[in-house]
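Report on the following structure.
The values are calculated or read from the model by the stated rules, or taken from the named source; none is laboratory data. All of these numbers come straight from a predicted model, not from anything done at the bench. Every residue, glycine among them, receives a Cβ derived from its backbone with ideal geometry; neighbour counts consider all protein chains shown.
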Amino acid sequence: MGPRLSARILAIMIGPMAGLSAWRAEAQSPQGVTPSVTPLAFEVASVKPIAPPIPSGGGPWIVTHGRFRAETGYVRGIVGWAYIVLAAQVKGGPDWLDREPYYVDARAGDPDAGSDQIRLMLQTLLIDRFKLITHRDAQQGQIYTLTLGKNGPKLQDAREGRRNYINRTGLGQVTFTENTTLLGLINILSSLLGAPVLDETGLKGSYNFSLEFTDPRDPRTSSRIDPRQTDSAPDLFAAIEEQLGLRLQTTKGPVDVLVIDRMERPSAN
């Protein structure tokens, strides 16, 4: 397992990385003077903690027309999206990152701003509001690959015009209503397994599907009297193959990670 695998982990995220360095680089003048560059920032941004009871699922995220909105956004996932890594590749930070969701609604001055610019604006917002400080590193760790099962996929093509939505109705129940690729599933699996998941299916369509499984994070899993009983949901690996016609496999290798050195709860809007 070599450096190529680490690079491919980043490549599965939404949006190309091309152009990001150009937005962040400081231009060198002919005289050798490097002027400062003002970071890209949203024109207006609202960040509000969500009071209990916490809605199930992650709520829809919208990234379009110069706008980023997360109706129920957990901060580790938001950081991952901003820095083009999976949430499982975001290491460290306070424990509230994974248990206190926020409503985020931010708009750029330019409605034509694309996802690359929005990512950089979101980085600025995280630095300004959450006092985020990070550094990148490479660690040896667990890696999963998602491939086609031996009998092929069992996915339903999405109907046009339906809104992207991932509804987590319980510890082991997820319903996907998507007009995108399998990225939503990849992110959910990565969160469940606590490790990066690579999409090796070759599937580029848009799909709707449901998945019912025994959540590996459920503390009741290890205390079941007989996990083979017929009324219990299959484990995640079996559910992926039986219900979706896909297969999860595991290996180890170098993983690019984003380490949180400092982060604070945001100040009130």
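Observations on the model:
- Listed by first and then second residue, the pairs linking a residue in segment 64-78 that is within 21 Å of residue 113 (Cα to Cα) to a residue that is of a type in the set (Asp, Glu) and assigned to a strand (DSSP E or B), with Cβ atoms under 7 Å apart and 6 or more places separating them unless they lie on different chains, are 69/105.
- Residue 34 vs. criteria loosely packed, with under 15 Cβ neighbours inside 10 Å and at pLDDT 85 or above: no
- Screening segment 129-146 for residues that are buried (at least 16 other Cβ atoms within 10 Å of the Cβ) and not aromatic (Phe, Trp, Tyr) and picking the one that is farthest from residue 91 (Cα to Cα) gives 146.
Each row is one residue, and each column tells you yes or no for (1) of a type in the set (S, T, N, Q); (2) surrounded by fewer than 17 Cβ atoms within 10 Å (Cβ to Cβ); (3) under 14 Å from residue 130 (Cα atoms).
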| site | (1), (2), (3) |
| --- | --- |
| 65 | no, yes, no |
| 71 | no, no, no |
| 76 | no, no, yes |
| 90 | no, no, no |
| 93 | no, no, yes |
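- The strands (runs of 3 or more DSSP E) found entirely in segment 68-150 that carry 3 or more residues being under 29 Å from residue 200 (Cα atoms) are 90-92, 133-148.
- For segment 200-216, a residue qualifies if it is in contact with a helix residue (DSSP H, G or I) (Cβ under 7 Å, 6 or more places away or on another chain), within 26 Å of residue 251 (Cβ to Cβ) and either of a type outside the set (Ser, Thr, Tyr) or modelled with pLDDT under 55 (or both), and the qualifying residues are 209, 211, 213, 215, 216.
- Top-ranked residue of segment 217-236 - restricted to ones that are surrounded by fewer than 17 Cβ atoms within 10 Å (Cβ to Cβ) and modelled with pLDDT of 70 or more, ranked as nearest to residue 99 (Cα to Cα): 235
- The residues of segment 98-110 that are touching a strand residue (DSSP E or B) at 6+ places or on another chain (Cβ under 8 Å) and not acidic (Asp, Glu), listed by number, are 101, 102, 103, 104, 106, 107, 108.
- When residues of segment 154-175 are limited to those that are touching a Leu at 6+ places or on another chain (Cβ under 7 Å) and surrounded by 17 or more Cβ atoms within 10 Å (Cβ to Cβ), the one modelled with the highest pLDDT: 155
- Residue check: residue 194 meets all listed conditions (1) at pLDDT below 90; (2) crowded, with 19+ Cβ neighbours inside 10 Å but one, namely (2).
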